[in-house]
Amino acid sequence: MIYTRKLILDVLKPHQPNALEFCRGIATAGGDYQVRLLVIEMDEKTETVQLVIKGEAIDFESVQSAIEGLGGSLHSIDEVEVCSETETAETL
Amino acid sequence: MRLLSQIGFLLELTRSHDIVRRYFVVNGFDGALTMLGLIIGFQISESSDLRVVTNACLGATIALGMSGLSSAYVSESAERKRALNKLEKAMITDLQDSAHGTAARGIPVLIAVVNGSAPLIISLLIMLPLFAANNDIELPIPPLIAATVIALLLIFLLGVFLGRVAAVPWFRSGAQTLLLAIATAALIYLIAG
């Protein structure tokens with residue numbers, strides 16, 4: 001079994017919901033997610049943010065669905081950290 | 001509870017708290033003043049048939065409610081669609097299935113309900129003495145006078161509510177709206193009386 005422990009995503013989002021509400025919305029996609037948001041660029045109606053999500057077993061589809069549900073658009077997966085059931089971590 | 005938190009989230013997302021409050025006060029005030037005008041008009045004309053007065057007021061109440069409901073829905077719906085289209089252009093993506101899409105469809109309904117129910121509820125409250133009199137319930141004062149007093153009280157309370165919003169003394173803002181109502185009544189007496 002392979003578990004995703006960490007994701008770094010490049011996301012374009014509207015100004016609303018704000019960073020805090022956006023992180024909360026994504027955190028509710030999983031039971032133990034830690035979400036960190038860094039604003040990279042700010043435009044008139046949108047902002048590009050970097051999302052760092054950590055968890056024991058991140059469900060990428062539910063994270064993506066939460067992002068889209070909040071009006072965001074996933075641009076790229078910049079970094080992932082996964083590990084097998086034997087807890088051997090590998091970074092791609 | 002979940003529905004309430006969803007509504008709260010959509011209001012926060014679209015920053016619509018102020019608009020909902022404004023619609024409530026504006027149309028509530030419209031309803032109260034219209035009823036006040038109607039009732040004073042009937043007092044001046046000394047119409048003795050209370051059923052005619054009640055039906056005329058009820059007709060105006062329903063019309064005010066429907067007008068508030070439909071006008072707010074049509075205008076807000078157009079505004080929200082426009083805002084969503086702009087956001088979709090900026091995001092270069094379809095937002096119909098996102099919270100923004102839900103808000104663009106749901107917030108106009110909420111605003112329309114507030115805009116329609118504010119004059120409806122306020123007018124029905126003002127009409128309570130008329131309903132009571134029609135059902136042979138004894139009132140200490142004539143029903144039209146009682147309805148006028150309720151109308152003035154509700155207008156005062158709307159002013160108090162505005163005072164709390166603006167963080168100014170409640171008595172002053174209440175007195176301001178009450179003064180407007182009295183001025184309206186005076187105008188009606190002057191012109192029609």
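Just so it is clear, none of the values below were taken in a lab; they were calculated from the coordinates. No experiment lies behind these values; they were computed from the predicted model shown. Note that we place each Cβ from the backbone using ideal geometry, even for glycine, and neighbour counts take in every protein chain shown.
Mind listing the phi-derived Karplus ³J(HN,Hα) values for region B:4-17, rounded to whole Hz, using 6.51, -1.76 and 1.60 with θ = phi - 60°, and x for any glycine or proline?
Whole-Hz 3J(HN,Hα) from phi for region B:4-17: 5, 5, 5, 4, x, 5, 5, 5, 5, 4, 9, 6, 9, 3.
If I fit a long axis through the Cα atoms of helix A:60-69 and take the longest principal axis of the Cα atoms of chain A, what angle between them do I get, 0 to 90°, rounded to 10?
10 degrees
In whole Hz and in residue order, list the ³J(HN,Hα) couplings for region B:107-124 that follow from phi through the Karplus curve 6.51 cos²θ - 1.76 cosθ + 1.60, θ = phi - 60°; x for Gly and Pro.
Values, residue by residue: 4, x, 5, 4, 5, 4, 5, 5, 5, x, 7, 4, x, 5, 5, 4, 5, 5 Hz.
Kindly identify region B:37-81 as rounded, prolate or oblate by the Cα gyration tensor criterion: order the square roots of the eigenvalues as a ≥ b ≥ c, call it rounded if a/c is under 1.5, otherwise compare a/b with b/c, prolate if a/b is larger, else oblate.
Prolate is the answer for region B:37-81, as a/c is 1.5 or above and a/b outweighs b/c.
Can you compute the modelled spin-label distance between A:Ile40 and B:Val74, with each label point 7 Å from Cα toward Cβ, in nm?
For the pair A:Ile40/B:Val74, the computed spacing is 4.6 nm.
Could you list the residues of region A:31-65 with an amide nitrogen less than 15 Å from a label point located 7 Å from the Cα of A:Ser76 in the Cα-to-C-beta direction?
Label zone hits: A:40-41, A:48-51.
Taking R0 as 25 Å, what's the FRET efficiency between A:Asp59 and B:Arg15 from their Cβ-Cβ distance, rounded to 0.05?
E between A:Asp59 and B:Arg15, to the nearest 0.05, is 0.20.
What fraction of the Cα pairs in region A:2-91, stated in percent, has a spacing above 24 angstrom?
Tail of the P(r) past 24 Å holds 17 percent of the pairs.
What are the trypsin sites (Lys or Arg not before Pro) within region B:1-92 that DSSP puts in a loop, where the Cβ has at most 10 other Cβ atoms within 10 Å?
Answer in residue order: B:Arg15.
Once you keep just the Cα pairs under 8 angstrom separated by 6 or more residues, what percentage relative contact order results for chain A?
Dividing the mean separation by the residue count of chain A yields 44 percent.
Please determine, in degrees from 0 to 90 and to the nearest 10, the orientation of helix B:50-91 with respect to the longest principal axis defined by the Cα atoms of chain B, where the helix direction is its Cα long axis.
20 degrees
What ratio of Cα Rg to 2.2 N^0.38 Å holds for region B:1-134?
Normalised Rg, Cα atoms only: 1.35.
Give the cross-link partners of B:Lys81 among the aspartates and glutamates, using a straight C-alpha distance below 17 Å as the criterion and excluding same-chain residues fewer than 8 apart.
B:Asp94, B:Asp97
Per DSSP H run of n ≥ 4, the term is -39500 (n - 2.57); total these for chain A, divide by its residue number, and report the mean residue ellipticity at 222 nm rounded to 500 deg cm²/dmol.
Dividing the helical sum by the residues of chain A leaves -6000 deg cm²/dmol.
Answer rounded, prolate or oblate for region B:126-193, using the Cα gyration tensor with square roots of eigenvalues a ≥ b ≥ c: rounded when a/c is under 1.5, else prolate when a/b is larger than b/c, else oblate.
Cα axes put region B:126-193 in the oblate bin.
For a quick check: with amide H placed at 1.01 Å from N, whose amide H comes under 5 Å from B:Leu95's, ignoring anything fewer than 5 positions away on the same chain?
none
Rounded, prolate or oblate: which fits the protein assembly as shown when a ≥ b ≥ c are the square roots of the eigenvalues of the alpha-carbon gyration tensor, with rounded for a/c under 1.5 and prolate only if a/b beats b/c?
prolate
Report, in listed order, any pair from A:Lys13/B:Lys86; A:Lys6/A:Lys45; A:Lys54/B:Lys89 with a Cα-Cα distance greater than 20 Å.
With Cα atoms farther than 20 Å apart: A:Lys6/A:Lys45; A:Lys54/B:Lys89.
From the helices alone, meaning DSSP H stretches of at least four residues, give me the mean residue ellipticity at 222 nm for chain B, per-run term -39500 (n - 2.57), in deg cm²/dmol to the nearest 500.
Per the formula, -30500 deg cm²/dmol.
Could you tell me how many degrees, from 0 to 90 and to the nearest 10, lie between the Cα long axis of helix B:170-192 and the main elongation axis, the longest principal axis, of the Cα atoms of chain B?
With rounding to tens, the tilt is 60 degrees.
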